[in-house]
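Structure first, then comments.
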Amino acid sequence: MRSLVIFDLDGTLLNTIADLGAAANHTLSAMGYPTHAPEAYPMLVGGGVRRLMQRALPDTAGADDAVVDRALEIFRAYYGQHLADLTQPYPGIPALLDELTARGIRVAVASNKYEAAVRTLVERFFPDVEWAAVCGQTEGVPVKPDPSVVFRVLSQAPTPKAEVLYVGDSGVDMETARRACVDSVGVTWGFRSAAELRAHYAVHIVSDPSQILDLALK
């Protein structure tokens, strides 16, 4: 039986893509750059907000740190006001979190999204969940797939690695778990494909949140 399940946020617990895409397009438009179709954003996210804007901006602009810095200012100002306009938990996620905690299995969040937004979203959509740790991207700390955020979770919720599951929707998440030396669970309802999860050596791949409970109880 596992005693701690660490979740990615975007594409795993919450479907945030519409609000992320809207904020990115607002930023691009405000800066005079072309916007992207909503369906482009699942492949642009991953790696944190800075990486999102680097990918969304035209190549030359995305390589200019000053341009990216300005884009981040605009993005954060807009996203801070609109981060929950269309965002919702994936079906079955609230019940999964309730069932895990009811069985004494701790839950945590490890996200590449900047921490203020992570905490706002977690508090808004999962106010009754007792989290062992909620960790987002912080200044000066490498983003996933660097495992630093997982180690930060484990510093707040000390747990033998053999008792940890790390759940995410992308190859970045699977690589994060591998580097942290914990078992990975790839979910197919998020922003990336099952093929990507397999290519990055997911230990488990699930298509329904109830399967995560089954894995945690083994």
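Here the Karplus relation 6.51 cos²θ - 1.76 cosθ + 1.60, evaluated at θ = phi - 60°, turns the backbone of segment 154-164 into coupling constants of 5, 6, 8, 9, x, 8, x, 4, 5, 9, 10 Hz, with x for every Gly and Pro. Note on segment 74-218: dipole from Cβ charges, positive end direction compared against 74, 212, 201; the farthest Cα belongs to 201. Against the main long axis of the alpha-carbon atoms of the chain, helix 17-30 sits at an angle near 20°.
Normalised radius of gyration (Cα atoms, divided by 2.2 N^0.38 Å) for segment 59-218: 1.08. About its Cα centre, the chain has a charge dipole of approximately 400 debye under the convention of +1 per Lys or Arg Cβ and -1 per Asp or Glu Cβ, with nothing else charged. Can you classify segment 137-194 as rounded, prolate or oblate using the Cα gyration tensor, where a ≥ b ≥ c are the square roots of its eigenvalues, rounded means a/c under 1.5, and otherwise it's prolate if a/b beats b/c and oblate if not? Oblate shape, in that a/c is at least 1.5 and b/c is the bigger or equal ratio.
In terms of packing, defined here as the mean over residues of other Cβ atoms within 10 angstrom, the peptides 128-134, 1-7 line up highest first as 1-7, 128-134. In order along segment 43-57, the Karplus-derived 3J(HN,Hα) couplings, from 6.51 cos²θ - 1.76 cosθ + 1.60 at θ = phi - 60°, round to 8, 8, 7, x, x, x, 5, 4, 5, 4, 5, 4, 6, 6, 5 Hz, and Gly and Pro are given as x.
Spin-label pair residue 204-residue 36: with each label point 7 Å from Cα along the Cα-Cβ axis, the two points sit 3.1 nm from one another. The ranking of 74, 93 by Cβ neighbour count inside 10 Å, starting from the fewest, reads 74, 93.
Just add up the charged neighbours of residue 176: K/R +1, D/E -1, any other residue whose Cβ is under 9 Å from the Cβ of residue 176. Around residue 176, the surrounding residues sum to -1. Spacing of the modelled spin labels on residue 141 and residue 70, each 7 Å from Cα toward Cβ, amounts to 3.1 nm. A P(r) calculated from all alpha carbon pairs of segment 1-152, with 10 Å bins opening at zero, reads 11, 40, 33, 13, 4, 0 percent. Annotation: amide H-H contacts under 5 Å for residue 86 (H modelled 1.01 Å from N, sequence separation of 5 or more, or interchain): 19.
Scalar couplings 3J(HN,Hα) for segment 105-121, obtained by applying the Karplus form with A = 6.51, B = -1.76, C = 1.60 to θ = phi - 60°, are 8, 6, 10, 8, 10, 9, 10, 7, 5, 4, 4, 4, 5, 4, 5, 4, 5 Hz; x denotes Gly and Pro. Of the peptides 164-172, 57-65, 79-87, 117-125, the ranking by mean beta-carbon count within 10 Å, highest at the top, reads 164-172, 117-125, 79-87, 57-65.
Considering only Cα atoms, the convex hull volume of segment 17-82 works out to 72 Å³ per residue.
Rule-based calculations on the coordinates, nothing more; no lab input. Just so it is clear, the structure is predicted and the values come from calculations on it, not from any experiment. No Cβ is skipped: glycine too gets one built from the backbone with ideal geometry, and neighbour counts run over all protein chains shown.
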